[in-house]
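See structure below.
Just so it is clear, none of the values below were taken in a lab; they were calculated from the coordinates. Since we're looking at a predicted model, the values are computed, not measured. As a convention, Cβ positions derive from the backbone with ideal geometry for all residues, glycine included, and neighbour counts pool all protein chains shown.
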Amino acid sequence: MKTLIFNGSPRVHGDTAGLVKLLTEKLPGEWKIVDAYRCDISPCIDCRYCRQHPGCSIQDEMQEVYQYIEECDNIVIASPIYFSELTGKLLDVASRLQTYYSAVRFRKEKPVMKQKKGAVILTGGGDGSVERPYETARILLHHMNCFDIHEVVFSHNTDVLPAVQDEKAVKGIEEIARFLNDPGSGPCQ
C-alpha cells in the first residue's frame, strides 16, 4: 500500500505534523509526505500548457508527485486552518493539480486512472470554520481520483490543547488509519 500525504504546515513539529506522525505510525507499506513549505514545487503560472498536453510545463519536484499520485492507494491532505482555509503554500502546491482539471475539461481524458481513498486532517486554534478548508480539500482529492473520502478529522482548539493531546482528534487519526488500511471499506463521504 502506498499513501501520499500533503502537509500544509509551516511548523515542522507543530500540531498538524504531530497528527501526521501519528497517522504514519499506523500505516503499513510506503508513504510519502509532500511538505508544502519545504518542497521545490512552484505554483501554477496559468501558461495553459496542460490544456493541450498531459503534465505540466514546469519541471520541478511536482513531476515526482504526479507519478506518486498515479501509483498510490491513498491520499491525505493535512493542514492548519488559516482564515478558514488551507494554508497558502499548500494551495500553491495544489494549484499544480490544474493539469488534472484541464485533462478532463479540455483534453477529454481521464488523468488519474487508479481510484484512491482520501482523508483530510485539519488543525486550528482560532475562530475559523473547518467547512471551507474541508470542501477545498475534497475538491482537490476528487481531482486526484479520490471519491471514497473519510470524514474530516480536526483539532480546533490548538491554542489551548496540542492536537496530539486532543482525544477526539487522536481517535479520528486511528479511524482514518483503519479506513485507509481496509481495502473493503465503503464510501464515507
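In table form, for the structure just shown:
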read-out	value
The chain, helix-only ellipticity at 222 nm - DSSP H runs n ≥ 4, -39,500 (n - 2.57), divided by all residues, nearest 500	-10000 deg cm²/dmol
Cβ crowding within 10 Å averaged over residues, with 96-108, 135-147 ranked highest first	135-147, 96-108
Vicinal HN-Hα couplings computed from phi for the range 104-116 (Karplus, 6.51 cos²θ - 1.76 cosθ + 1.60; Hz; Gly/Pro x)	6, 6, 9, 8, 6, 10, 9, x, 10, 6, 7, 6, 9
Difference of contour (0.36 nm per residue) and Cα-Cα distance, Asp159 to Tyr101	17.2 nm
Spin-label model distance (nm) - Glu30 vs Ile45, 7 Å beyond Cα toward Cβ	3.1 nm
Pairwise centroid distance, computed over Cα atoms, of the range 9-64 with the range 133-148, Å	15 Å
Separation of the His53 and Arg132 label points, Cα + 7 Å toward Cβ, nm	3.6 nm
Rounded to 10°, Cα long-axis angle of helix 62-71 versus longest principal axis of the chain	80 degrees
Highest average packing first - 68-78, 120-130, 52-62, Cβ atoms within 10 Å	68-78, 120-130, 52-62
Amide hydrogen neighbours beyond the local backbone of Ile41, cut-off 5 Å, H modeled	none
Whole-number percent relative contact order across the chain, with pairs defined as alpha carbons under 8 Å at least 6 apart	25 percent
DSSP-defined beta bridges in the chain - what % are antiparallel, rounded to 5	5 percent
Theoretical gain in end-to-end length, Met1 to Glu61 [0.36 nm per residue, Cα-Cα removed]	19.4 nm
Degrees, to the nearest 10: 15-24 long Cα axis against longest axis of the chain	80 degrees
Derived scalar couplings ³J(HN,Hα) [the range 167-177; Karplus, 6.51 cos²θ - 1.76 cosθ + 1.60; whole Hz; x for Gly, Pro]	4, 5, 5, 5, 4, x, 4, 4, 5, 4, 4
